[in-house]
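Reviewing the structure listed below.
The values are calculated or read from the model by the stated rules, or taken from the named source; none is laboratory data. Keep in mind it's a predicted model, so treat the numbers as computed, not measured. All Cβ positions, glycine included, derive from the backbone under ideal geometry; neighbour counts span all protein chains shown.
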Amino acid sequence: MGPDERLEHIAKAKKALKIPVIASLNGSSLGGWTDYARQIQEAGADALELNIYTIPTDLDSPGSRVEETAVEIVRAVRKAVKIPLAVKCSPFYSNMANMAKRFVDAGADGLVLFNRFYQPDVDLENVDIRPKVLWSTPQAARLPLTWIGILYGRIKTDLAATSGVHNGRDVIKMMMVGASVTLIASALYRHGLKHLSVMERDTREWMEKNEYESIRQMRGSLSKLNCPDPAAFERAHYMRALQTPPSA
Ligand SMILES: Cc1cc2nc3c(=O)[nH]c(=O)nc-3n(C[C@H](O)[C@H](O)[C@H](O)COP(=O)(O)O)c2cc1C
């Protein structure tokens, strides 16, 4: 889809649906494209997800500059739109907690944790690099699970979990560490859209069996909100994990 076609698509989706339409915008540097965010809003999107997708490779660009650019992108898009803004970000910052806070200070209403950067493979038959998006494995959930648990309640924002959410149990785990929503891509590609209702049913069944009345009741119950020093907690868990036999 070209940019104009995409705006039309958003407008059509908005007309056809009763649920909110969240548009996604992918950016890696500051530029005139932030104007496109405004056009997305005008097309009727209820909210915008800004995907900061960049793999810095410049040997002379320090991490601090990469971080400042990312924050400036958020600031620029925030200035361009009034609708709620979520930032889908990278986990690869020196201090993710600080970056999360800076994104929120720059105007993000929500954080989507995390961007999954495609990693190419080498095609030995054709002796070439093979760019390919891989479906996620359940293990991929551990990274957002860790960070949502650390950030929940410590910064004023909604947290969305993406990566490795494949079934109802994964949804519940993410809610327990503090996610407000989960995003699902690979599981839908693999099982088709009908899998959404299976996941919803499984989530409900687990909640009923375990006597939870609402998502709100379980949200953040396993976060590190009441932990005075999450870094020490992580270190202690690491030590414990090393003493536990590994499993699949
Ligand atoms: C085939 C495929 C296409 C994707 N396209 C996009 C995209 O256009 N924009 C985006 O932000 N993420 C895209 N993603 C990433 C997903 O939104 C998601 O962040 C990631 O796949 C992790 O979630 P999952 O474990 O449910 O797949 C894509 C993922 C897959 C598998």
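Search segment 35-62 for residues being within 16 Å of the ligand (Cβ to nearest atom) and among the hydrophobic types (A, V, I, L, M, F, W, C), and hand back the single one that is surrounded by the fewest Cβ atoms within 10 Å (Cβ to Cβ).
Selected residue: ILE55.
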(request) List every residue pair whose Cβ atoms sit under 7 Å apart, with the two residues 6 or more apart in sequence or on different chains, where the first one lies in segment 148-173 and is more than 17 Å from SER221 (Cβ to Cβ) and in contact (Cβ under 8 Å) with a residue 60 or more places away in the chain and the second, anywhere, is assigned to a loop (DSSP other than H, G, I, E, B) and within 9 Å of the ligand (Cβ to nearest atom). (result) THR162/PHE114
(message) Testing ARG65 on (1) charged (D, E, K, R); (2) away from the ligand (no atom under 15 Å from the Cβ); (3) in contact with an Asp or Glu (Cβ under 6 Å, 6 or more places away or on another chain), one condition comes back false. Which one is that?
(response) (3)
(request) Collect the residues in segment 69-95 that are in contact with a strand residue (DSSP E or B) (Cβ under 9 Å, 6 or more places away or on another chain), hydrophobic (A, V, I, L, M, F, W, C) and within 16 Å of the ligand (Cβ to nearest atom), keeping them in residue-number order. (result) ALA70, ILE73, VAL74, VAL77, LEU85, ALA86, VAL87, CYS89
(message) Of the conditions (1) touching an Asp or Glu at 6+ places or on another chain (Cβ under 7 Å); (2) away from the ligand (no atom under 16 Å from the Cβ), SER24 satisfies every one except a single condition; which number is it?
(response) (2)
(request) Collect the residues in segment 209-230 that are hydrophobic (A, V, I, L, M, F, W, C) and within 15 Å of ARG169 (Cβ to Cβ), keeping them in residue-number order. (result) ILE215, MET218, LEU222
(request) Would you mind listing the strands (runs of 3 or more DSSP E) fully within segment 116-176 where at least 2 residues are buried (at least 20 other Cβ atoms within 10 Å of the Cβ)? (result) 158-162
(request) For segment 101-111, state whether one or more residues are within 16 Å of the ligand (Cβ to nearest atom) and over 18 Å from the mean Cα position of the chain (by Cα). (result) no
(request) Could you pull out the residue among THR157, THR203, THR162 that is at pLDDT 95 or above, farther than 21 Å from LYS88 by Cα and hydroxyl-bearing (Ser, Thr, Tyr)? (result) THR203
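Mind counting the residues in segment 124-150 that are farther than 28 Å from TYR238 by Cα and near the ligand (Cβ under 9 Å from one of its atoms)?
Matching residues across segment 124-150 total 2.
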(request) Working only within segment 28-46, note down all residues that are part of a helix (DSSP H, G or I) and either charged (D, E, K, R) or in contact with a Cys (Cβ under 6 Å, 6 or more places away or on another chain) (or both). (result) ASP35, ARG38, GLU42
(request) Scan segment 14-26 residue by residue and report those that are of a type outside the set (Lys, Arg) and either under 13 Å from ARG75 (Cα atoms) or in a loop (DSSP other than H, G, I, E, B) (or both). (result) LEU17, ILE19, PRO20, VAL21
(request) Determine if segment 47-68 includes at least one residue that is part of a helix (DSSP H, G or I) and touching a strand residue (DSSP E or B) at 6+ places or on another chain (Cβ under 6 Å). (result) no
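Report those helices (runs of 4 or more DSSP H) wholly inside segment 184-248 carrying at least 1 residues which are surrounded by fewer than 13 Cβ atoms within 10 Å (Cβ to Cβ) and in contact with a helix residue (DSSP H, G or I) (Cβ under 8 Å, 6 or more places away or on another chain).
Qualifying helices (runs of 4 or more DSSP H): 195-209.
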